[in-house]
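Since the structure comes first, as structure tokens, the remarks are kept for the end.
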Amino acid sequence: MSRRPSAHAKGFSLIEVLIVVAIIGIIASMLIPNMLDAMQKAKQKRTMADMRIVGGAMFSWLTDQVGAAAAGLSSTSNIDLGDYGGLKTADALSTILIPTYLQDIPLKDGWKSRYEYYLNTANPRAIHVMAIRSTGRDGAAETDDYTVTGFEPTDYDRDVVWADGFMVRWPESRN
């Protein structure tokens with residue numbers, strides 16, 4: 001014996017379903033931009049942490065090479081990466097720093113672009129000895145000549161640069 005559906009069957013009307021879908025859409029439109037920004041901030045923070053770790057290892061190498069007196073000699077307002085000797089690959093750097101100073105050298109920053117490492121092994125007593133650059137989200141270097149200053153933290157395309165123990169270009173809140 002089959003039952004016939006009654007005219008008063010319970011369920012949601014089309015209007016109720018559309019209202020719920022509209023509310024979910026509004027909530028999603030408010031949350032997605034914040035989530036995307038949080039992901040970019042995490043990539044930026046990971047990149048800066050990597051740079052500090054590798055920079056610390058480079059600094060330890062420098063101290064072992066020429067003594068603590070040479071460490072941190074340069075604190076100028078402009079940095080030209082051309083003054084830091086040739087660009088080193090992570091493989092070339094690993095022969096110098098692994099295993100004494102680091103377990104491994106990060107190849108790519110938070111945006112999956114290769115780090116640029118500079119280490120003047122030929123003249124560790126020079127004023128400009130070591131630098132690391134991340135080209136940011138866009139993967140393109142802005143310049144090789146940087147003024148020491150921060151930039152707006154939400155400008156993820158900006159280069160992040162560490163040199164001779166100091167951040168040269170970094171995200172900085174300006175409240």
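Residues that are touching a residue at least 24 places away in the same chain (Cβ under 8 Å), at least 2 per element: which strands (runs of 3 or more DSSP E) completely within region 99-175 meet that?
Once the strands (runs of 3 or more DSSP E) in region 99-175 are filtered for at least 2 residues that are touching a residue at least 24 places away in the same chain (Cβ under 8 Å), what remains is 116-119, 130-134, 145-147, 160-163, 166-171.
Tell me, which residue of region 97-112 that is touching a strand residue (DSSP E or B) at 6+ places or on another chain (Cβ under 7 Å) and of a type outside the set (Lys, Arg) is farthest from Ile79 (Cα to Cα)?
Residue satisfying both the conditions and the ranking: Leu107.
Please go through region 97-118 and give me each residue that is over 24 Å from Thr149 (Cβ atoms) and touching a helix residue (DSSP H, G or I) at 6+ places or on another chain (Cβ under 6 Å), ordered by number.
Within region 97-118, Leu97, Tyr101, Leu102, Ile105, Pro106, Leu107 meet the criteria.
Report yes if Ala126 is over 12 Å from the mean Cα position of the chain (by Cα), at pLDDT 90 or above and of a type in the set (A, V, I, L, M, F, W, C), otherwise no. Please lay out each step first, then the result.
Working: over 12 Å from the mean Cα position of the chain (by Cα): yes; at pLDDT 90 or above: no; of a type in the set (A, V, I, L, M, F, W, C): yes.
So Ala126 fails the test.
Any residue at all in region 77-93 that is loosely packed, with under 12 Cβ neighbours inside 10 Å, small (Gly, Ala, Ser) and touching a strand residue (DSSP E or B) at 6+ places or on another chain (Cβ under 7 Å)?
Yes, region 77-93 contains at least one residue that is loosely packed, with under 12 Cβ neighbours inside 10 Å, small (Gly, Ala, Ser) and touching a strand residue (DSSP E or B) at 6+ places or on another chain (Cβ under 7 Å).
Within region 145-164, which residues are under 13 Å from Tyr118 (Cβ atoms) and either β-branched (Val, Ile, Thr) or surrounded by fewer than 16 Cβ atoms within 10 Å (Cβ to Cβ) (or both)?
Val161 - this is the single residue of region 145-164 that is under 13 Å from Tyr118 (Cβ atoms) and either β-branched (Val, Ile, Thr) or surrounded by fewer than 16 Cβ atoms within 10 Å (Cβ to Cβ) (or both).
So which of Tyr118, Tyr156 ends up being more than 17 Å from Ala42 (Cα to Cα) and either among the hydroxyl-bearing types (Ser, Thr, Tyr) or modelled with pLDDT under 90 (or both)?
After ruling out the rest, the residue left standing is Tyr118.
Right, Ile96: over 19 Å from the mean Cα position of the chain (by Cα) and closer than 26 Å to Asp157 by Cα or not?
In short, no.
The values are calculated or read from the model by the stated rules, or taken from the named source; none is laboratory data. All values derive from a computational prediction rather than experimental measurement. Virtual Cβ from ideal backbone geometry, glycine too; neighbours counted across all protein chains shown.
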